[in-house]
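S.K.: Below is the structure I would like to discuss, written out as structure tokens.
Read-outs throughout are calculated quantities, based only on the coordinates presented, and are distinct from any laboratory measurement. Not measured: the values here are computed from a predicted model. Glycine also receives a Cβ, built like all others from the backbone with ideal geometry; neighbour counts cover every protein chain displayed.
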Amino acid sequence: IMMRKCHLNTCPVGIATQDPDLRKKFRGKPEHVVNYLFMVAEEARE
């Protein structure tokens, strides 16, 4: 989802927020986000 409002602490899927109600919407695991960002960084270095 690309809402362009995560920097406002209102991420609609709960990934980039500290709001407990919004965080409940995140269905994945924190490890999945870490792995995704690791792979994006690795691809950017290549």
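S.K.: Restricting the search to the chain, which residues are of a type in the set (A, V, I, L, M) and within 11 Å of the chain's Cα centre (by Cα)? Walk me through it before giving the result.
M.R.: Within the chain, the first condition is being of a type in the set (A, V, I, L, M), and the residues that meet it are 1-3, 8, 13, 15-16, 22, 33-34, 37, 39-41, 44.
If the condition is that a residue be of a type in the set (A, V, I, L, M) and within 11 Å of the chain's Cα centre (by Cα), then Ile1, Met2, Val13, Ile15, Ala16, Val33, Val34, Leu37 are the ones that fit.
S.K.: Out of the range 1-39, which residues are of a type in the set (Asp, Glu) and either part of a loop (DSSP other than H, G, I, E, B) or touching a Pro at 6+ places or on another chain (Cβ under 6 Å) (or both)?
M.R.: Asp19, the sole residue that qualifies.
S.K.: If Phe26 satisfies all but one of (1) touching a helix residue (DSSP H, G or I) at 6+ places or on another chain (Cβ under 9 Å); (2) without any contact (Cβ under 8 Å) to a residue 12 or more places away in the chain, what's the number of the condition it fails?
M.R.: Result: Phe26 fails condition (2) only.
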